[in-house]
Each structure stands twice: as C-alpha cells, then as structure tokens.
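What follows is one structure encoded as structure tokens, with my remarks underneath.
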Amino acid sequence: TTVRHRPGVHNDAAAVLLAIHHFNNQITPSITGPSLPPAVVDSYTDCRVKLTTELRDTGYSPIQSTRLLTDVLDRPHTFDTAPFRPLPTAVLGAFRSASTSPTAILSGVNRLPQLSYRSSSTDFDNKEQYPCFGRTVPSSSSDARAVVSYLQHLNVTYVGVIFVTDTFGSSYQKSLQDAAGEADPPIWTDSVSFGYRTDVDNDGKDEIHNAVSSLASTKYRYFVALVGEEHYDRVMREAAEQGLTGPDYVWIFVNDVDRTVWQRMAKYDEGDALAQASNGIALIQVEASQHIGTISAETGLMYESTSTYADTSHGRFHRAWVEAISDPIMVEYFRSKQPTVMDGQDFEFSPEPSQFAYFVWDAIQSAGFAMCMAEKAEGSPFFAGPDV
C-alpha cells in the first residue's frame with residue numbers, strides 16, 4: 001500500500017480493539033443490555049475464550065487482500081514454531097466489497113467464517129458462492145430503499161447518480177436504480193461512473209471530471225453520490241467548477257461518507273469553493289444518537305456536535321467509544337496496534353464513532369459468542385473455524 005491512509009479505516013480498527021476489550025473483560029452485557037438470548041448469556045458467562053487479533057493492511061486491493069489471507073492460512077501454526085501464530089477461527093473484513101469478494105471465497109473453501117461490517121454488495125447474498133460469509137451491515141438493496149424513501153419525501157422525480165465502478169458502487173447503483181423504478185410514482189435515474197482510484201488527484205482526475213460533466217448535461221438538481229471518502233473533495237470540487245452546487249442543487253452522500261468523515265474533511269478556508277459546495281449536502285447513515293451541531297462562523301459548516309445517547313446497544317457503545325477516546329492509555333493502545341502505514345503520520349481518532357463502528361462491534365461480539373457456544377458444545381477449549 002502507499003503511505004496514504006484512510007482515517008475511517010483506522011477508526012474502524014480501533015473499534016475492533018475496543019470490541020475485543022469489551023468481550024474479554026465481560027463488559028459486553030453492559031452494552032447489549034437484556035437483549036441477548038439466554039443460551040448466549042449462559043455460554044458467555046462461563047466462557048474461557050479470549051479473543052486476539054492481527055490487523056492487516058489490504059491497501060484496498062483485492063489481490064493484496066487475498067495474498068494476506070493466503071499467507072495467514074499457509075504459515076506454520078504448530079506449538080513448536082516461533083513465534084506461535086495459530087490459524088484464525090474467524091475473519092473480519094475486508095473494507096471494500098471488491099476486496100471482500102475473493103477473500104470470502106477463500107474463507108469458504110477453508111470452512112472459515114468471515115464477517116463483514118462494511119461490505120454491502122448484494123453479491124454476497126449468494127450463499128452457494130459465499131457459504132461461510134455473514135455480515136452485520138445491511139446490504140446495498142436495503143440502503144437503496146432508504147435513499148429512495150428519502151427522495152420520495154422530498155418529492156424528487158429525477159435524480160443523477162455518480163458511482164465508483166467497483167463491487168460496492170456497481171451493486172449499490174443497480175439496487176438504487178431498481179428501487180427508484182419500483183417507487184410510486186417512479187423516480188427516473190441517470191447514472192455516471194468512474195473507475196476506483198485511491199490517488200484521485202492524479203490517476204482519477206479526468207474520469208471524475210468527465211463523470212460530473214455528464215451529470216451536468218442531465219440538467220437535474222438532485223444527485224446521489226456512491227463514492228468513497230477519498231473521492232469526496234475531487235467530486236465536489238468538480239461539481240462546484242461545473243456549476244452543480246449552491247441553493248438550487250442537492251447532493252446526497254451515502255455509505256462511506258458519513259458525518260464523522262465529513263466533519264473531519266470539511267474544514268476549508270473561508271471562501272473556498274469546497275466550503276460553499278459542502279454547505280447543505282445530505283448524508284444518509286446509521287445513527288445511534290441525536291446531535292446538535294455548531295456552525296462555523298468562517299465557513300458556515302457544522303464542525304462540532306454534542307450527542308444524547310439512545311438507550312440501545314448502539315447508543316451505549318457510542319458512549320463507550322467517547323470514553324475510550326478520552327483515555328490516553330486506550331488511545332495509545334489503539335495506536336500501537338495499527339498497521340505500520342500510519343508510522344510518522346499525524347492522525348487523531350474521531351471523537352465519535354463512525355456509523356460502521358457499531359457494525360464492527362456487533363461482528364466481534366457475534367464471533368465471540370459463537371466461539372463460546374462452540375467451546376461449550378465441544379466440551380473443550382480446542383475448536384476451529386468449522387465448529388464456529
């Protein structure tokens with residue numbers, strides 16, 4: 001991978017470590033509340049399982065993701081090897097649907113459960129191709145229906161869609177097109193795309209320019225963006241330069257661009273075109289708390305917020321995240337476990353969890369509970385992926 005890091009990924013990695021901390025120290029029930037089935041509670045109370053993890057940097061690459069998992073599965077894992085690194089009993093990830101697809105096939109071949117907190121492509125609904133794959137995040141078909149519901153609320157009848165042509169973007173675009181066509185009345189969509197690039201300021205600049213130009217030709221006023229956080233600035237700068245921002249236009253971002261991502265990025269100089277373009281955009285995301293925003297006097301953008309936490313497992317996790325990020329010892333622990341791509345980089349964890357951190361927590365607890373139940377069923381602390 002390159003030295004460029006994606007802050008959302010590192011926040012999600014911290015959520016993994018926090019979830020493991022909760023599980024190993026019997027804190028989980030205080031987060032879940034009374035919602036756990038009795039059989040799960042019983043197995044967890046007496047469980048001897050302690051979770052450990054290895055964080056691997058996939059570089060957003062399907063090839064690198066597959067290579068990393070292959071290396072883990074092929075390495076020596078006997079007690080007489082040093083250092084001793086056992087085979088995994090579960091896999092979490094990957095970040096992109098495009099990277100999850102080949103690893104989910106590989107984990108299926110090895111009968112190893114794989115859980116995703118972020119890969120929403122409908123391709124993974126195929127259980128014959130992905131027999132050991134599960135996820136805690138909704139599929140893009142469910143997300144698309146939520147977007148269409150919001151558009152209907154606004155009485156929108158025509159919408160332009162810009163998406164990245166990877167497994168996530170292509171799946172989401174098709175789901176959105178189908179849901180829009182099934183709406184009553186139907187919502188007409190025109191879609192444009194660009195290839196996935198991490199270096200959008202160089203490799204992907206022309207493609208994004210051409211895609212936004214195609215949107216401009218539709219004469220539409222509402223646009224849905226199915227893109228990554230690394231694409232936000234380039235897409236919106238092009239939109240501003242081509243006259244597609246301002247009070248007459250509405251941009252709706254979903255999935256990768258959530259409130260925490262946007263607040264981190266949208267700190268532009270007064271008068272910057274991106275400050276004006278970002279003012280009034282819509283974000284559709286999972287939310288576990290209510291927010292009251294503070295508006296910047298310089299840019300007019302919301303840059304801070306206070307929260308009231310819902311009395312749900314996600315609301316309680318939200319509070320636990322805020323407490324952990326306020327603890328210097330926990331923050332240093334989170335930093336120490338991050339991939340080396342962060343070395344020498346100035347990075348601060350988000351003061352509030354991303355929308356995907358909740359799904360991370362759910363995935364870790366689900367895997368842990370399954371291991372506890374496998375331990376109880378086997379009557380032994382020794383079990384493997386197929387038992388889980």
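The values are calculated or read from the model by the stated rules, or taken from the named source; none is laboratory data. Remember, predicted model here, so these are calculated numbers, not experimental data. Cβ: placed from backbone, ideal geometry, glycine included. Neighbour counts: every protein chain shown. Side chains included, ligands, DNA and RNA excluded: accessible areas come from the protein's heavy atoms. Shrake-Rupley method; radii C 1.70, N 1.55, O 1.52, S 1.80 Å.
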Item to check | Where F95 falls short, out of the listed (1) closer than 21 Å to S61 by Cα; (2) part of a loop (DSSP other than H, G, I, E, B); (3) touching a strand residue (DSSP E or B) at 6+ places or on another chain (Cβ under 8 Å) | outcome: (3)
Next on the checklist: For the stretch 98-115, give me each residue that is open to solvent by 30 Å² or more (accessible area, probe 1.4 Å) and part of a helix (DSSP H, G or I).
Outcome noted: P102, I105, L106, V109
Checklist entry - Given the conditions (1) under 17 Å from the mean Cα position of the chain (by Cα); (2) part of a helix (DSSP H, G or I), and given that S120 satisfies all but one, which numbered condition is not satisfied? => result (2)
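Within the stretch 21-60, can you find the residues that are under 30 Å from G195 (Cα atoms) and among the aliphatic types (A, V, I, L, M)?
Hit for the stretch 21-60 is L55, nothing else.
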Item to check | Tally, over the stretch 15-36, of residues that are among the small types (G, A, S) and open to solvent by less than 30 Å² (accessible area, probe 1.4 Å) | outcome: 3
Checklist entry - Tally time: how many residues in the stretch 172-190 are crowded, with 21+ Cβ neighbours inside 10 Å, touching a strand residue (DSSP E or B) at 6+ places or on another chain (Cβ under 8 Å) and free of Cβ contacts under 8 Å to residues at least 40 places away in the same chain? => result 3
Checklist entry - Right, S213: in contact (Cβ under 8 Å) with a residue 12 or more places away in the chain, of a type in the set (G, A, S) and surrounded by 16 or more Cβ atoms within 10 Å (Cβ to Cβ) or not? => result no
Item to check | Considering residues of the stretch 126-144 that are surrounded by fewer than 18 Cβ atoms within 10 Å (Cβ to Cβ) and at pLDDT 90 or above only, the residue farthest from D178 (Cα to Cα) | outcome: P131
Checklist outcome for this item: Among (1) crowded, with 22+ Cβ neighbours inside 10 Å; (2) on the phi > 0 side of the Ramachandran plot, G59 falls short only on (1)
Item to check | Residue satisfying all of: in the stretch 353-380; assigned to a helix (DSSP H, G or I) and of a type in the set (F, W, Y); farthest from S139 (Cα to Cα) among these | outcome: F369
Checklist entry - Restricting attention to the stretch 37-56, which residues are modelled with pLDDT under 90, exposed (fewer than 11 other Cβ atoms within 10 Å of the Cβ) and within 30 Å of V9 (Cβ to Cβ)? => result E54
Next on the checklist: Take the conditions part of a loop (DSSP other than H, G, I, E, B), in contact with a Leu (Cβ under 8 Å, 6 or more places away or on another chain) and under 27 Å from H22 (Cα atoms) and apply them to T89. Does it pass?
Outcome noted: yes
Item to check | Members of the stretch 123-147 that are of a type in the set (A, V, I, L, M) and assigned to a loop (DSSP other than H, G, I, E, B) | outcome: V137
Checklist outcome for this item: Residue pairs qualifying under the 7 Å Cβ cut-off, at least six apart or on distinct chains, with the first in the stretch 365-388 being more than 19 Å from L115 (Cα to Cα) and the second being outside any helix (DSSP H, G or I) and basic (K, R), are E375/R48; P381/R48
Checklist outcome for this item: Matching residues in the stretch 231-250 (open to solvent by less than 20 Å² (accessible area, probe 1.4 Å) and touching a Ser or Thr at 6+ places or on another chain (Cβ under 7 Å)) number 2
Item to check | Residue identified as of a type in the set (S, T, N, Q) and out of contact with any strand residue (DSSP E or B) (no Cβ under 9 Å at 6 or more places or on another chain) among T53, T58, T100 | outcome: T58
Next on the checklist: Please verify whether Y196 is among the hydroxyl-bearing types (S, T, Y), touching a Lys or Arg at 6+ places or on another chain (Cβ under 9 Å) and open to solvent by less than 50 Å² (accessible area, probe 1.4 Å), treating the condition exactly as stated.
Outcome noted: yes
Next on the checklist: Please verify whether S350 is in a loop (DSSP other than H, G, I, E, B), at pLDDT below 90 and in contact with a Ser or Thr (Cβ under 7 Å, 6 or more places away or on another chain), treating the condition exactly as stated.
Outcome noted: yes
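Okay, residues lined up against (1) open to solvent by less than 20 Å² (accessible area, probe 1.4 Å); (2) more than 22 Å from V257 (Cα to Cα); (3) out of contact with any strand residue (DSSP E or B) (no Cβ under 9 Å at 6 or more places or on another chain); (4) at pLDDT 90 or above:
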{"position": "T312", "(1), (2), (3), (4)": "no, yes, yes, no"}
{"position": "R316", "(1), (2), (3), (4)": "no, yes, no, no"}
{"position": "D327", "(1), (2), (3), (4)": "no, yes, yes, yes"}
{"position": "S336", "(1), (2), (3), (4)": "no, yes, yes, no"}
{"position": "S354", "(1), (2), (3), (4)": "yes, no, yes, no"}
{"position": "G368", "(1), (2), (3), (4)": "yes, yes, yes, yes"}
{"position": "M371", "(1), (2), (3), (4)": "yes, yes, yes, yes"}
Item to check | Residue ranges of helices (runs of 4 or more DSSP H) in the stretch 5-70 with at least 2 members in contact with a Leu (Cβ under 6 Å, 6 or more places away or on another chain) | outcome: 7-24
Next on the checklist: Can you say whether T306 is more than 21 Å from the chain's Cα centre (by Cα) and modelled with pLDDT under 75, as far as the supplied structure shows?
Outcome noted: yes
